[in-house]
């Protein structure tokens, strides 16, 4: 247990059996009444944000998390197999834990596994990946001035919008948070 007065941004706490990351906290001491701590929390499982106010001195359960580097090997149905880069142990991770960015995974891609009490609770994908364009319509001469875009299928099967000058076989740097093309590599 930890006093809410000692909580800092980035701490992971357990409330009502669920894990939350503290994104923001503010200790408030009004002129009248007791002090309190105003927080903004993010649910680990759902990603939903919530505001919660605690009385000063109230205790919450502090949770220790551990981060491990994992390397993607292959998938079988909804299970994606990763190797722990320290122990070389292979483990399946369900598609639901990885989330919608699963379509940017390619072999040998490294992610960070977040563990609580030796149980995987979440994964962090890299912010940027380099992927090859496997299918897109050819650009026409003179179309670059209009600044238009066209869909492109990447080697992992993901489809994103790219500028018209991108051709099949180009390797692109993609920001997977916004699912946008950044530059050719």
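Here are some notes:
- Scan of region 92-107 for residues that are part of a strand (DSSP E or B) and modelled with pLDDT under 90, ordered by number: 93, 94
- Residues of region 108-132 that turn out to be at pLDDT 90 or above, over 18 Å from residue 75 (Cβ atoms) and over 12 Å from the mean Cα position of the chain (by Cα), as a count: 2
- Qualifying residue in region 35-49 (condition: more than 20 Å from residue 123 (Cβ to Cβ) and without any contact (Cβ under 8 Å) to a residue 12 or more places away in the chain): no
- Test result for residue 151, within 30 Å of residue 63 (Cβ to Cβ) and modelled with pLDDT of 90 or more: no
- The lone criterion from (1) touching a helix residue (DSSP H, G or I) at 6+ places or on another chain (Cβ under 6 Å); (2) in a strand (DSSP E or B); (3) under 24 Å from residue 19 (Cβ atoms) left unmet by residue 129 is number (3).
The values are calculated or read from the model by the stated rules, or taken from the named source; none is laboratory data. Everything numeric in this text was worked out from a predicted model, so none of it was measured. Note that each Cβ is placed from the backbone with ideal geometry, even for glycine, and that neighbours are counted across all protein chains shown.
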